[in-house]
Structures are given as C-alpha cells and as structure tokens.
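For reference, the structure discussed in these notes is given below.
Quick note: the coordinates plus some simple rules give every number you see, no bench work behind them. None of these values were measured; they are calculated from a predicted model. In this analysis, Cβ positions are derived from the backbone assuming ideal geometry, glycine residues included, and neighbour counts consider all displayed protein chains.
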Amino acid sequence: MRVVIAGGHGQIALRLEKLLAANGDTAVGIVRNVDHAADLRDVSAEPAVLDLETATLDEVAVVLEGADAAVFAAGAGPGSGTARKETVDRGAAVLFADAAERAGVSRFVQISSMGAAGPIDEAAVGEVFAAYLRAKAAAEEDLRKRELDWTILRPGRLTNDPGTGLVHLAESVPRADVTRDDVAAVIAELLTEDGTSASNRRVLELTGGNTPIEEAVSRV
C-alpha cells in the first residue's frame, strides 16, 4: 500500500510509518518543518513538506494522488492554545478529508480522542483541553457525513510504555491508558483488507487490554 499520513512527525505517526515500511508498504508523512524530514527517512518513510494550516486543497490533494489510504494523525500539540485546536485538530482534518475525496482515496483513518463524544466539562478539564475535545468532535462529525470508507479511532490516555500487543477495541470501552506503540499497531491492522472490512464507517475506542491486536480488529 501507499499510505499518506497527516502529522507525519507525530509520535504515533513515526511508529506507524516504521511498521508500514517493515510490512513492505510505502508511508508518506506530511510535515510542516523541513528539518523533520530526516527523522521520517530514518524510519523509511517519504517526507512531504506541507503546512496543513496554510495549504490549499489542491496542494494537499497532489500529495494524496495515487495513495491507497489516508491517516489523519496531526494535532496542534499540548503546548498550543485554543485557536490552533480549531485550525489543526478540526480545520486540517476537514481539509485532509476534502483532499482525500478529490484525489479519490476512499480509505481514511482519523485519530480522535476518548471524550470527544461529550459532554465536555470545561471546568473540570480546562479551557484548552475542552477546545481540543470540541475540535475533535467537530472533525468526527464532518467525517461521518462523507462517503469515504472511514474509521474514527479514539485512543485512551497515551503513554510511551513499550507496546504489549494486547488491547481493548470496541465501540465503547472504559477509560484507561494505551501505549502509542499499540495505537500505531492497531492502525496498521485497520489498514489491511480484513481490518478495513471490519471497521468501515465505525467509531472505535481503544485502550490497553487482553486481546491480541489482530484478533481485536477482527472481532469488531
């Protein structure tokens, strides 16, 4: 496969790119900082330098042409304010989906977040995180209206612990942690033919669990 990943220098994206390369697939990571290109090449991914906050629809569609799948893994990051939650976590996601439609790329995986389904208690989580969750919810709502073969994946709290290969994946799961290794491995499995069939037009929540990843994907 040829898979284009928005947010190609993110922690999940780099792990996913490495897994895809190991499987013989081609990963193209969209990055806005040219200095990050070398890190993508280190995991055998192809960098595409493009800022999704300022790029045009045509510019993004060109990167997606000929791809078999698109993965939205971009995010404004924990150090950003409320404005960039809107321009990246929502705006860039909508632009990337628009570009996938224009380029004829039907398979689309979007990384969201547990809590995006609401209700959102801003007093409890803070203004910035509430803005993040609202942006993710808006991006989900936009994607669900499209005719793409989409999957929305909502991981629990992310950790950098080594992956276990064991997860809990379903339409609704109790809140818990999940490693970035395992999130990347689940996405790689969702992109396979069987994973696409299992998860087409589904919203799935993901945490660490007791089920091997391949089995967890086949169960859904």
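Rank Val109, Val63, Val125 by mean-square fluctuation in a GNM of the chain with C-alpha springs under 10 angstrom and give only the top-ranked residue.
Largest GNM mean-square fluctuation: Val125.
Find the relative contact order for the range 18-129 and round it to a whole percent, using C-alpha pairs within less than 8 Å whose residues are 6+ positions apart.
Contact order relative to length: 23 percent.
Rounded, prolate or oblate, given the Cα gyration tensor of the chain, with a/c below 1.5 counting as rounded?
Since a/c stays below 1.5, the shape of the chain is classed as rounded.
Explain nothing, just the number: dipole magnitude of the range 59-112 about its Cα centre with +1 on each Lys and Arg Cβ and -1 on each Asp and Glu Cβ, in debye rounded to the nearest 20.
200 debye
Could you give the nm distance between label points at Asp58 and Val34, where each point is 7 Å from its Cα heading toward the beta carbon?
2.2 nm
Applying a 10 Å radius around every beta-carbon, put 195-206, 51-62, 9-20 in order of their mean neighbour count, most first.
Final packing ranking: 9-20, 195-206, 51-62.
What is the range 14-83 by shape, rounded, prolate or oblate, if you read a ≥ b ≥ c off the alpha carbon gyration tensor as root eigenvalues and call it rounded for a/c under 1.5, prolate for a/b larger than b/c, and oblate otherwise?
Note, shape of the range 14-83 comes out oblate.
Are there any GluC sites (Glu not before Pro) in the range 120-202 that are in a DSSP loop and have at most 10 other Cβ atoms within 10 Å? List them by number.
Glu147, Glu171
What are the residues whose amide H is under 5 Å from the amide H of Leu166, where those residues sit 5 or more places off or on another chain and H is modelled from the backbone?
Here the answer is Gly209, since their amide H atoms fall under 5 Å of that of Leu166.
Rounded if a/c is under 1.5, else prolate if a/b beats b/c, else oblate: with a ≥ b ≥ c from the C-alpha gyration tensor eigenvalues square-rooted, which is the range 1-117?
rounded
Just how far, in whole angstrom, is the range 12-64 from the range 93-114 if you go by their alpha carbon centroids?
Centre-to-centre (Cα) distance: 15 Å.
Suppose the chain between Asp121 and Asp177 were pulled fully straight at 0.36 nm per residue; how much longer would it get relative to their current alpha carbon spacing?
18.1 nm
Explain nothing, just the number: relative contact order of the chain, from Cα pairs under 8 Å at least 6 residues apart, as a whole percent.
In percent, rounded to a whole number, it is 18.
Looking at Gly156, Ala55, Ala100, which one has the Cα that reaches farthest to the positive end of the dipole of the chain (charges on Cβ: Lys, Arg +1; Asp, Glu -1)?
Of the listed residues, the answer is Gly156.
Out of all DSSP beta bridges with both ends in the chain, state the antiparallel percent to the nearest 5.
Bridges in the chain that DSSP calls antiparallel: roughly 15 percent.
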